[in-house]
Structures are given as C-alpha cells and as structure tokens.
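This structure is in structure tokens; I'll ask about it shortly.
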C-alpha cells in the first residue's frame, strides 16, 4: 500500500563562488570556453561545431549546454581511463542522501502506527459525513471587491450585496438577480450558473459554503479574493457507497497515516524553534539555478535554517540540489519566497528525522549500501560504454579527447543522443575540477552568428532538448470567476 508520506522534503542553501570567478577573469582569456581534466575547449572549436548546426538557434543557453556536456564527457573519460571500474570515485555525496531517506522511511514505519481496522459500519458513517466525489450544482452572484478598496467602498459593496441577498431570500428569481447584479463576466447570459463541480475546483471559502448548503438553500455573503458571493445550491449528486467502498477505505487509511505522521512530526519538532535565516531564500533559489556552484568552507557551513541543537547548512542544501533532476531544480528556482521558506523548514525537519532515526539505532544494512554503490558504478560504466569513452589500449589522453569531441559533434548534428550521467556530473567535477567561462559564451554566439549563412525568410528553428524542461508549477484550481 502506498502511504501518504509527509516526512521527506526537497530543498535548501547559500551564496556562491561561481566557476567563472574574478581571479579567473583576470588570468584567463576569452578564447577558452571551458577547462576540465587537463583539457581545454576553445571558442574556435565550439564555433566550428555550431556553425553548420543551423537547426540550433544561436542562443547563450545552447552554448552553455554544449560546454557542460563537454565537461561531463571529458571527466567521465578521464575517470574511466584511471579506473574503468570507478572504484576510486567517492560516491558518498550521491548515496548518503539516498540512505538517509531510507532511514526516514524506516523511522516512519516504526513510530507511525494508526488504527487501520475500520468496520463497514464505521466506513459508511465516514462516507456519509465526507461525501467523497460529491458534486454540487450552484449559481452565484458576485460583487467584486478590490483588495485595496477603501472602507467606504467596502461598506457600499456590502450594503448593495445585503440588499440583493434579502431579495433572493424573499423569493425573487435567483437567476434573474444574477443576470441583473452579478459582476462575473457572462452572468447576464448564464444567470450565474456554474454547473456541477466537485471538491478542489473552487476557491476554498466558496467550496466550503457551497457544499455545506442543502438543495435550494441560499448562503450568507461569502468572501473570497474575488469579492462577495451569494450562492444558491440547485442540486447535489452523491455517489453510492457500495461501488466506492474499497477505494474509500484506502483513502481513509491513507488519511489516518498522514494525520499520525503529522502529529509525530509536530511532537518531535515543535520545541526545536526552526528559523529560516535571513537571505536563505535567495540563496536557495540561486543554488537551484546553479547546482554546479563551488562553495568555500565558510560558505558551505553557513546555516540556512537554525534549530535547537543543529542547523541545515548551505553545503547540505547544495548536495541535495545536485541530486535532484533538472525539472525539480526548475520548480525550486521558480517557487515563491513563501514556498521556499516552507521547503527549507521541511528540509530542516527532515534532518531532525534522520538524527532521530540514528538515535534509535536505525541503520541501512551494509549489504544494501554496497549494492547501491555497485549499481551506481555499473551505471557509470554503461554511460561510458554508450558514449564510446572507455580507453583503448595504447591510446593516450589525446585520443580520449577526440572521442569526446566526436560524441559532442554527433549530438550537435542530431546524429547521436545525449548520454546522461545525472548526479555523477557533480561527483566528477568535485574530483577533478572544471571551469566554464561565462564571458566566453557571448563570444561564441557572436562568432557563430557572423559565420552562419543568413536564415531563409519564414524558416522557424527549434532547439533540441539537451535536458528536460523545468517542471511547471501546478496551476490553481478553477474558480467561480476566471
């Protein structure tokens, strides 16, 4: 059974030392785009690869993607040349967060034990109370109220709304009142008719009021971010119990697990005084956008969230970000300040859970840890093999760099697929070092634009996806006033 897990979160961290630092800007030249593994990728080389690739629009993002792929493949080739089994590569930054998550799951299974024995009679009573998947057919009259309305304007709207409410309750035709007074677009034609809607389709105050009404009943004034509403329920459609009994039982059990988990978390953390530190939100967003950032020791130790007897640091947050896929990092980077504060608190709470699991003696068996490391090394070997980057006997580092450039050319021309190495990219960069010089990117763009033939009029070119697009935020549910 899948349980609703409130334990494990996603996000946190701190100001950066960018790869393209001031010192590098003073000592490096704009004819080098990237360095890695003892090799350099020159502006001239990248320009030569991109000029004929007219299917790619010449944008800084494309050049940056090419540079990052070159770094990944160059370092993967070097690691494979030094040790084809990848035994010497420290995998802890990837596997330790995974093991810690397993500790949290084991802690949950030990301490969260809600009552899941539910008789059919109790289930039927809960079903009648909650009315899952019920639908309401309603009409409404909207009186708009801007958020910055003056007290006088608010009083005027309230007076007008109460007068219409009195008419509705005295027996006036509700649809005609909506057509005459509602400020919702389309109300004159629809008479305020919203049709049938279910849970989570309207803003919360509106939904709560509508579902609480009986058929034919008219609400008091209901305030939402859109203004004041008068609601009349025309009909309700309630599902039958027997066809939904098994599905509803699962839902009730999941809800009980979720409630028990939240109660345990509150008990464990309420006295810890979790406090998101000043500047942490901006740092969290920056590191989600730039997970390759290198933090010095002082920066890595800076607290993002403080709590009694501990803190969530920038270095810990950056490691977590490096384990997330690009679409997750995109969601973090696009989150609101308040969402980021909540996620930082969840991460700190998650850290407290890991500490508690260890205190109780919960641990991941050594055999499981060895198995996870072995699987990760196998994946690296598979990636190096797919990319054609395993060393050939008798050939040196120059030959491996030729293989890297051949792979990159194939990807740019569309003849090869991108070989993904995921979070191992950050392991390799930490082990061997790398630099991408941002100031060289516009030089490449200008060179390619100057050397490419003019684009034919009307031709549209779309770039291939070199990594998945950022995940979009879930849109809010429809409201009675879209």
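Select from region 229-251 the residues that are closer than 30 Å to residue 175 by Cα, modelled with pLDDT under 95 and surrounded by 16 or more Cβ atoms within 10 Å (Cβ to Cβ) and list them in ascending order.
The answer is 236, and nothing else.
Filter region 93-133 for residues that are over 30 Å from residue 316 (Cα atoms) and part of a helix (DSSP H, G or I) and give the result. First the steps, then the outcome.
Initially, region 93-133 is screened for residues over 30 Å from residue 316 (Cα atoms), giving 113-133.
120, 121, 122, 123, 124, 125, 126, 127, 128, 129, 130, listed by residue number.
A further question follows. Checking the structure you have, find out if any residue of region 383-398 is assigned by TED's automatic domain parsing to the domain that holds residue 51, buried (at least 18 other Cβ atoms within 10 Å of the Cβ), over 29 Å from the mean Cα position of the chain (by Cα) and part of a loop (DSSP other than H, G, I, E, B).
yes
Is it the case that residue 260 is touching a strand residue (DSSP E or B) at 6+ places or on another chain (Cβ under 8 Å) and either on the phi > 0 side of the Ramachandran plot or not in a strand (DSSP E or B) (or both)?
Numbers: touching a strand residue (DSSP E or B) at 6+ places or on another chain (Cβ under 8 Å): no; either on the phi > 0 side of the Ramachandran plot or not in a strand (DSSP E or B) (or both): yes.
For residue 260, the condition - touching a strand residue (DSSP E or B) at 6+ places or on another chain (Cβ under 8 Å) and either on the phi > 0 side of the Ramachandran plot or not in a strand (DSSP E or B) (or both) - is not met.
Sticking with this one: Would you mention how many residues in region 149-180 are under 42 Å from the mean Cα position of the chain (by Cα) and touching a residue at least 24 places away in the same chain (Cβ under 8 Å)?
Residues meeting the conditions: 4.
Are any of the residues in region 403-424 within 30 Å of residue 303 (Cβ to Cβ), assigned by TED's automatic domain parsing to the domain that holds residue 77 and not in a helix (DSSP H, G or I)? It would help to see each step written out before you state the result.
Going through region 403-424, the residues within 30 Å of residue 303 (Cβ to Cβ) turn out to be 422-424.
Among the residues that remain, those that are also assigned by TED's automatic domain parsing to the domain that holds residue 77 are: 422-424.
Right, trim to not in a helix (DSSP H, G or I) and you get 422-423.
So far as region 403-424 goes, yes, one or more of its residues are within 30 Å of residue 303 (Cβ to Cβ), assigned by TED's automatic domain parsing to the domain that holds residue 77 and not in a helix (DSSP H, G or I).
Here is a further query. Which one of these is over 30 Å from residue 120 (Cβ atoms), touching a residue at least 12 places away in the same chain (Cβ under 8 Å) and surrounded by 17 or more Cβ atoms within 10 Å (Cβ to Cβ): 260, 209?
Details: 260 fails: over 30 Å from residue 120 (Cβ atoms).
The unique qualifying residue is 209.
Same structure, new question: Closer than 17 Å to residue 222 by Cα and surrounded by fewer than 17 Cβ atoms within 10 Å (Cβ to Cβ): does that describe residue 166? Even if it seems obvious, please write down each step before you answer.
Numbers: closer than 17 Å to residue 222 by Cα: yes; surrounded by fewer than 17 Cβ atoms within 10 Å (Cβ to Cβ): yes.
The answer is yes for residue 166.
Which condition from (1) closer than 26 Å to residue 215 by Cα; (2) surrounded by 13 or more Cβ atoms within 10 Å (Cβ to Cβ) is the one that residue 157 breaks?
For residue 157, the failing item is (1).
Suppose we filter 254, 327 for residues that are touching a residue at least 12 places away in the same chain (Cβ under 8 Å), part of a helix (DSSP H, G or I), surrounded by fewer than 15 Cβ atoms within 10 Å (Cβ to Cβ) and in the same structural domain as residue 428 (by TED's automatic domain parsing); which single one remains? Spell out how you get there, then give the answer.
On the way: 254 fails: surrounded by fewer than 15 Cβ atoms within 10 Å (Cβ to Cβ).
Criteria check complete, one pass: 327.
Next up: Yes or no: residue 283 within 27 Å of residue 36 (Cα to Cα) and crowded, with 17+ Cβ neighbours inside 10 Å? Explain how you work it out, then say what you get.
Values: within 27 Å of residue 36 (Cα to Cα): yes; crowded, with 17+ Cβ neighbours inside 10 Å: yes.
So residue 283 fits the description; yes.
Let me ask something additional. Which one of 194, 177 is touching a helix residue (DSSP H, G or I) at 6+ places or on another chain (Cβ under 9 Å), assigned by TED's automatic domain parsing to the domain that holds residue 231 and in a helix (DSSP H, G or I)? Even if it seems obvious, please write down each step before you answer.
Working: 194 fails: in a helix (DSSP H, G or I).
Being touching a helix residue (DSSP H, G or I) at 6+ places or on another chain (Cβ under 9 Å), assigned by TED's automatic domain parsing to the domain that holds residue 231 and in a helix (DSSP H, G or I) holds for just one of 194, 177, which is 177.
The values are calculated or read from the model by the stated rules, or taken from the named source; none is laboratory data. Since the structure is predicted, the reported quantities are computational estimates derived from the model, not experimental observations. In this analysis, Cβ positions are derived from the backbone assuming ideal geometry, glycine residues included, and neighbour counts consider all displayed protein chains.
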